[in-house]
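> Before we start, here is the structure in question, set down as structure tokens.
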Amino acid sequence: MNLVFLGPPGSGKGTQAIRLAEKVGLVHLSTGDVLRAAVKVGTELGKKAEGFMTRGELVPDDLIICLIEEKVASGDLKSGFILDGFPRTMPQAESLTDMFTKNKIGLDKAILLDVGDAEILKRLKGRAEIEGRADDTEDVIKNRLEVYRKQTQPIEDYYRGQSILVAIEGEGTPDAIFERILKVAG
Ligand code: B4P
């Protein structure tokens, strides 16, 4: 099974993708995790990405698309995957479709976690206290939500048009949400 997880920042994409990948044996690829690791180690990619991430903006498409192209070419995704945090712009979504067509990979579902802004602010402020992520301050969270609406939300319609979008109610306990996801992707 090949899946994409969509949803605003703090919607639980990472939380749920890790659980599902483990339960059904899929590769979990989070572009946010890859970027944070690159920033930590100080690679070229990390140096280029850091400022964008700290401001709550998206890292430029060419850098991210390159990263995913390498993954697809490596064959690591051959036995099923969850893409978490990619695509996030229409150019990324269209490039992904091209990459999949070239490599004869099918996308089964795009799972959208639906969560309201008040809940998102609450969750991310909670994470800031625990993990201290540089992009979890109130101003940056608001910017990330704005960026999501402008740049990422159009992707929902793109996958709806391909009849693979499945919207899941993303509020509730992590266990309750996981049960909802298992019903459509378990
Ligand atoms: P991400 O790492 O993808 O950050 P995110 O959108 O905040 O999602 P995350 O996975 O961390 O949070 P989750 O919803 O699981 O991206 C970070 C940055 O990297 C971006 O802003 C951008 O700059 C850059 N980037 C990444 N991908 C990119 C791309 N494709 N193109 C360009 N730039 C890119 O969970 C959040 C919190 O909620 C956690 O603390 C969790 O414990 C909590 N939570 C989860 N489920 C809950 C529940 N049911 N109830 C209560 N709390 C819950």
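> Given the Cα-Cα distance of Asp33 and Glu169 and 0.36 nm per residue of separation, how much length would full extension add, in nm?
Result: 46.5 nm gained on full extension.
> In addition: Quickly work out the Lys122-to-Ile105 label distance, labels modelled 7 Å from Cα along the C-beta direction, and quote it in nm with one decimal.
Result for the modelled spin labels: 3.6 nm.
> A further question follows. For segment 42-171, what is the number of Lys pairs with C-alpha distance below 23 angstrom, counting only pairs 8 or more positions apart or on separate chains?
16
> Could you run the Karplus curve 6.51 cos²θ - 1.76 cosθ + 1.60 with θ = phi - 60° over segment 170-186 and give me ³J(HN,Hα) per residue in whole Hz, x for Gly and Pro?
x, 9, x, 6, x, 5, 5, 5, 4, 4, 5, 5, 4, 4, 9, 9, x
> A further question follows. About the Cα centre, and with charges only on the beta carbon of Lys, Arg (+1) and Asp, Glu (-1), how big is the dipole of segment 75-167? Nearest 20 debye, please.
The dipole magnitude comes to about 220 debye.
> For Leu6, enumerate residues with amide H under 5 Å from its amide H, sequence gap 5+ or separate chain, H modeled in the peptide plane.
Here Ile111, Leu112, Leu113 satisfy the definition.
> Here is a further query. Determine the gain in length on full extension of the stretch Tyr158-Cys66; use 0.36 nm per residue of separation and subtract their C-alpha separation, reporting nm with one decimal.
Fully extending the segment from Tyr158 to Cys66 adds 31.0 nm.
> Lys47 to Glu129: extension gain in nm, 0.36 nm per residue of separation minus the Cα-Cα distance?
Taking Lys47 through Glu129 to full extension adds about 27.0 nm, to one decimal.
> Could you derive backbone 3J(HN,Hα) for segment 69-74 from the dihedral phi with the Karplus parameters 6.51, -1.76 and 1.60 (θ = phi - 60°), listing whole Hz in sequence and x where the residue is Gly or Pro?
Once rounded to whole Hz, the list reads 4, 4, 5, 5, 5, 6.
> Give a quick list of trypsin sites (Lys or Arg not before Pro) in segment 66-174 that DSSP marks as loop, anything other than H, G, I, E or B, with at most 16 other Cβ atoms within 10 Å.
Lys78, Lys104, Arg133
> Picking from Leu124, Ala134, Gln162, whose Cα lies most toward the positive end of the charge dipole for the chain (charges on Cβ: Lys, Arg +1; Asp, Glu -1)?
Towards the positive end, the residue furthest out is Gln162.
Quick note: the coordinates plus some simple rules give every number you see, no bench work behind them. Everything numeric in this text was worked out from a predicted model, so none of it was measured. All Cβ positions, even for glycine, are placed from backbone atoms using ideal geometry, and neighbour counts span all protein chains on display.
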